[in-house]
Amino acid sequence: AHNRLREANFEIFGTEQLLEAIVQDKAYWLSDVLANEGLKAENFSEKVRSIGSRAEEYEERSPEFTPKAYDALCSAYDIAKELGSTHIKPEHILLGTLRENKGLACKALKELDIDVEELYKKIITPIEREKPEILSILNLAKEEAIMMEQNIVGTEQILLGILGAGTGIGAKVLRDLGVTLKDARAE
């Protein structure tokens with residue numbers, strides 16, 4: 001992304017440099033997903049150049065990133081945490097850019113007739129499938145705590161999360177013992 005920034009003679013990162021860097025990394029799996037959507041480095045770069053102006057991205061401040069790139073990176077950080085990652089990966093940056101649905105990168109994607117919401121789903125679905133089971137259980141436990149109007153997750157919500165997830169050895173043992181989610185919630 002830094003190389004693309006210098007080539008464009010800009011001083012701060014925008015969403016387009018972040019996306020261009022992902023598209024150009026042919027060794028990374030996201031490059032294939034984007035190529036299947038019809039997005040190639042050449043047509044994206046050409047579209048960005050034809051749009052030309054970043055004027056709509058600037059506000060009064062002059063950050064290291066354009067405001068919309070900063071928003072996309074903040075969103076990428078949140079997505080990485082939600083998906084159980086300890087660091088931000090290129091797919092998180094792309095998902096953050098798509099989730100924010102702002103900036104020159106998304107404008108170029110839309111003008112290239114790429115459905116931003118559909119692309120988001122195509123990228124996040126395989127990642128969510130690989131999400132560790134414990135994260136699913138903890139998310140369900142948090143939801144149970146909220147439904148019980150509690151501020152913290154206790155062992156009872158974790159039990160409900162295990163039952164709600166319905167997978168894994170714990171859920172199987174509980175089912176074999178006749179414990180159901182409905183009964184456990186009542187207790």
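The values are calculated or read from the model by the stated rules, or taken from the named source; none is laboratory data. It should be emphasised that the depicted structure is a prediction, and the values quoted were computed from it without experimental measurement. Positions of Cβ are generated from backbone atoms using ideal geometry, with glycine treated the same way; all protein chains shown enter the neighbour counts. Keep in mind that these areas ignore ligands, DNA and RNA; they rest on the heavy atoms of the full protein, side chains included. Shrake-Rupley method; radii C 1.70, N 1.55, O 1.52, S 1.80 Å.
Just a few scattered comments:
- In segment 109-137, the qualifying residues are those that are in a loop (DSSP other than H, G, I, E, B) and acidic (D, E), and the one that is farthest from the chain's Cα centre (by Cα) is D113.
- Filter result for I146 (at pLDDT below 90, closer than 29 Å to S75 by Cβ and among the aliphatic types (A, V, I, L, M)): no
- Pairing residues of segment 80-95 that are modelled with pLDDT under 85 and open to solvent by 30 Å² or more (accessible area, probe 1.4 Å) with residues that are not aliphatic (A, V, I, L, M) and not in a helix (DSSP H, G or I), at Cβ distances under 8 Å and at least 6 apart in sequence or on separate chains, gives G84/K131; G84/P132.
- Yes/no for E156 being among the charged types (D, E, K, R) and without any contact (Cβ under 8 Å) to a residue 60 or more places away in the chain: yes
Residues are listed down the side, and each one gets a yes or a no for (1) farther than 22 Å from S85 by Cα; (2) β-branched (V, I, T):
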residue: L95; (1), (2): no, no
residue: L98; (1), (2): no, no
residue: A105; (1), (2): yes, no
residue: L109; (1), (2): yes, no
residue: Y120; (1), (2): no, no
residue: I123; (1), (2): no, yes
residue: L138; (1), (2): no, no
residue: K142; (1), (2): no, no
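- Segment 128-155 - residue that is aliphatic (A, V, I, L, M) and open to solvent by less than 30 Å² (accessible area, probe 1.4 Å) and, of those, nearest to N43 (Cα to Cα): I137
- Remark: A72 matches the filter, which requires a residue to be farther than 30 Å from T167 by Cα and in a helix (DSSP H, G or I).
- Selection from segment 156-187 of residues that are under 19 Å from L138 (Cβ atoms), exposed (fewer than 10 other Cβ atoms within 10 Å of the Cβ) and among the small types (G, A, S): none
- Single residue of A72, A41, A8, A21 found to be hydrophobic (A, V, I, L, M, F, W, C), open to solvent by less than 50 Å² (accessible area, probe 1.4 Å) and modelled with pLDDT of 90 or more: A72
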